[in-house]
């Protein structure tokens with residue numbers, strides 16, 4: 001096995017020598033929140049919803065859209081919702097809401113409580129696990145992220161490119177980093193405004209990078225966010241894939257991020273971390289570089305076994 005530089009990695013990795021680690025929600029033992037997993041939802045966090053399908057299709061099935069909207073509303077609510085509230089928020093008539101909700105309860109996507117309110121059912125969680133499994137996280141990544149967070153006290157992130165989307169694949173929270181609701185497993189990351197996003201952008205050919213930015217838009221998350229494609233290209237032009245990339249206050253005010261892209265047999269991944277303030281602690285940057293080197297090394301080793 002590739003000689004990992006930090007004690008603790010080998011013991012963890014040794015538990016899965018032949019295959020990938022089963023999908024798991026890394027933040028389940030930290031500060032679990034309930035972001036909106038369904039891409040059709042109205043914006044609840046800082047990330048804009050990206051309509052990857054373009055214009056509304058002419059054969060759109062309205063009942064399916066309404067059912068998904070109900071799941072989004074109920075899943076995103078901190079408390080159970082009665083039918084009348086669901087109908088009002090989803091802007092559908094009450095009788096339609098009753099029919100759709102009964103169907104969703106039958107299928108396991110909603111559950112009716114004795115109080116009459118509705119909450120998300122277990123099928124919602126199952127679809128999330130399916131999503132995480134489809135992202136094919138590198139087997140050694142979990143151990144590397146865990147050790148990075150333990151060694152620095154800062155949150156550790158892994159992001160990858162999946163079907164033209166830059167997606168957060170895994171997170172281990174650290175007490176010295178702010179909790180960012182839009183940098184959670186399964187969610188798309190803002191490619192132009194986050195360090196992990198830019199690290200991955202820097203691995204893409206110019207045309208593919210321009211197309212992704214054009215499709216997803218360049219939203220100004222803070223006054224410091226760079227929203228000019230030419231400026232982003234200029235800043236990336238001096239860098240090479242795998243270089244350390246930082247951003248200061250572009251995704252969140254008074255938060256900075258750093259990331260390093262790592263190449264594996266199945267493509268590029270980005271390991272990143274965040275810190276409060278507008279300067280990155282030197283020990284954090286050092287540990288991040290080591291974590292990226294460790295991940296790259298074990299992925300190379302795994303590709304030859």
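Here, each number is a calculation from the coordinates, and none is a lab measurement. Because the structure is predicted, anything quoted here is derived from the model rather than measured. Here the Cβ is made from the backbone with ideal geometry for all residues, glycine too, and neighbour counts use every protein chain on show.
Normalise the Cα radius of gyration of segment 62-129 by 2.2 N^0.38 Å (N = residues in it) and let me know the number.
0.98
Which value in Å is the Kirkwood Rh of segment 249-305 over different Cα pairs?
One over the average 1/r among Cα pairs gives 12.4 Å for segment 249-305.
Could you rank the peptides 188-195, 78-85, 258-265, 57-64 by their average count of other C-beta atoms within 10 Å per residue, with the highest value first?
Descending packing order for the listed peptides: 188-195, 258-265, 78-85, 57-64.
Rounded, prolate or oblate: pick one for segment 148-305, where a ≥ b ≥ c are the square roots of the eigenvalues of its C-alpha gyration tensor, a/c under 1.5 means rounded, and failing that, prolate if a/b is larger than b/c, else oblate.
It is oblate, given that a/c is not under 1.5 and a/b is not larger than b/c.
Could you order the peptides 67-76, 148-157, 98-107 from most to least packed, using the average number of other C-beta atoms within 10 Å per residue?
148-157, 67-76, 98-107
Can you sort 268, 179 from fewest to most other Cβ atoms within 10 Å of each residue's own Cβ? Could you put the intermediate results ahead of the total?
Numbers: 268 18, 179 15.
Ordered by Cβ neighbours within 10 Å, fewest first: 179, 268.
Can you tell me the convex hull volume per residue for segment 181-259, based on C-alpha atoms, in Å³ to the nearest whole number?
On the way: hull volume 7.2 nm³, N = 79.
Hull volume over Cα atoms, normalised by residue count, gives 91 Å³.
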